[in-house]
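What follows is a single structure, written as structure tokens, with notes after it.
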Amino acid sequence: MVKHPIAESEITRAIVKYALRDLDEYSKVDVLIVGAGPSGMTAAYYLAKAGLKTLILERRFSFGGGIGGAANHLLRIVVEYPASEILSEVGVRLYEYGDGLFVVDPAEMIAKLASRAIDAGAKFLLGVHVDDVVFRDNPPRITGVAVIWSTVQMAGVHTDPIFLEAKAVVDATGHDAEVVAVASRKTPELGIKLYGEKSAYVDAAEDLVVKYTGKVVDGLYVTGMAVAAVHGLPRMGPIFGSMLLSGKRVAELIISDLKG
Ligand code: 48F
């Protein structure tokens, strides 16, 4: 039974209580994923399923990254076998086109990847912009990230960030590899070089992105299109198989590094 009248102050207290509890509980996690696009959400699903405490930070107030815009706003996504198996596993319906290609509905893909990651135990924080990393030397490694609310970042006012720690940070920020880029720019002793993404070559790009998915420096991993930006690989446009396989691969590598 709702107690009437509902006091405005009680709504505030309920929000503050749970929002601060979240920040307290997730200030230190096993894996921190930056970016809730296809690669980040796939990684979150497999990491959480393996029992790792997984936090995904997304600067928009929504999931999906590049899935929603699909191909030049033609609202279908193409995925090839065997990445199609990942979508089947999370319950996305596949429409067979032929030659191992499948077409899917982007809204369904966003909803089901996010929902399965959450059900597996991953925590999403939306509206959070990652603007720096936390590092240590001897040996050089990444131990966390600096975050500010996206709206504060958009307003262009200066505020110091808050820090979140993790055993592994995953750059799943897409074409600009924002986490790796800031680490490379601000802390050269980490020895990280960014080669920049090349123009389109679908067949090569799909394999190479998965092959080069992995550790950049201790504590920092890269998945999805950020892999192409870091390693100088071609882009592939609106075919999403490698994003899913790369997300699964980075999860497997981290599970092996953290759990042995
Ligand atoms: O761009 P995005 O979908 O990355 P992805 O998982 O997938 C790429 C494909 O969508 C597509 C493609 C495939 O063929 O070419 O582009 O590699 O998702 C990246 C997410 O990261 C968020 C951004 O809003 C998006 O949702 N993001 C980017 N930078 C930051 C960030 C940041 N600094 N802090 C927080 N979130």
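The values are calculated or read from the model by the stated rules, or taken from the named source; none is laboratory data. From a predicted model like this one, the values you see are computed outputs, not experimental measurements. Using ideal geometry, Cβ is built from the backbone for each residue, glycine included, and neighbour counts are taken over all protein chains shown. Side chains are part of the model used for accessible areas, which takes the heavy atoms of the whole protein and leaves out ligands, DNA and RNA. Shrake-Rupley method; radii C 1.70, N 1.55, O 1.52, S 1.80 Å.
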Prolate/oblate/rounded call for the chain, Cα gyration tensor, a/c under 1.5 rounded: oblate
Computed, not fitted: 222 nm per-residue ellipticity of the chain from DSSP H runs ≥ 4 (each -39500 (n - 2.57)), nearest 500, equal to -12000 deg cm²/dmol
Can you give me the C-alpha center-to-center distance between the stretch 114-166 and the stretch 203-249, rounded to a whole angstrom? 21
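Could you provide, to the nearest whole Å², the per residue accessible area of the chain with probe 1.4 Å?
Working: 13250 Å² over 260 residues.
It amounts to 51 Å² per residue over the chain.
Cβ neighbours within 10 Å, averaged per peptide: list 32-45, 176-189 in order, most packed at the top. Walk me through the numbers on the way to the answer.
On the way: 32-45: 30.8, 176-189: 18.4.
Going from most to least packed, we get 32-45, 176-189.
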Provide the gained length on full extension for the span Ser115 to Arg141, in nm with one decimal, where the gain is 0.36 nm per separating residue minus the Cα-Cα distance. 6.2 nm
Long-range amide H contacts for Val134: which residues qualify at under 5 Å (H placed 1.01 Å from N, peptide plane, sequence gap of 5 or more or a different chain)? Thr143, Gly144, Val145, Ala146
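Give me the extension gain from Val202 to Lys3: residue separation times 0.36 nm, minus the current Cα-Cα distance, reported in nm with one decimal.
On the way: separation 199, 0.36 × 199 = 71.64 nm, distance 5.89 nm.
Using 0.36 nm per residue and subtracting the Cα-Cα distance, I get 65.7 nm.
With a ≥ b ≥ c taken as the square roots of the eigenvalues of the C-alpha gyration tensor of the stretch 94-160, please select rounded if a/c is under 1.5 and otherwise prolate if a/b is larger than b/c or oblate if it is not?
Numbers: a/c = 2.66, a/b = 1.87, b/c = 1.43.
Judged from the Cα gyration tensor, the stretch 94-160 comes out prolate (a/c at least 1.5, a/b above b/c).
Give the calculated FRET efficiency between His158 and Ile11 to the nearest 0.05, with a Förster radius of 30 Å applied to their Cβ-Cβ distance. Mind dumping the intermediate values first?
On the way: r = 31 Å, r/R0 = 1.03.
About 0.45, to the nearest 0.05.
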Might you report the magnitude of the Cβ-based charge dipole of the chain about its Cα centre, with Lys and Arg at +1 and Asp and Glu at -1, to the nearest 20 debye? 400
What ³J(HN,Hα) values, in whole Hz, does the Karplus curve 6.51 cos²θ - 1.76 cosθ + 1.60 give for the stretch 19-36 when θ = phi - 60°, with x put for Gly and Pro? 5, 6, 4, 4, 5, 5, 5, 9, 6, 9, 10, 6, 10, 10, 9, 9, x, 9
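Tally up the carbon and sulfur contribution to the accessible surface of the chain as a whole percent, 1.4 Å probe, everything protein left in place. Present the calculation step by step, with values, prior to reporting the outcome.
Numbers: 7180 of 13250 Å².
Using a 1.4 Å probe with all protein chains present, the chain comes out at 54 percent carbon and sulfur.
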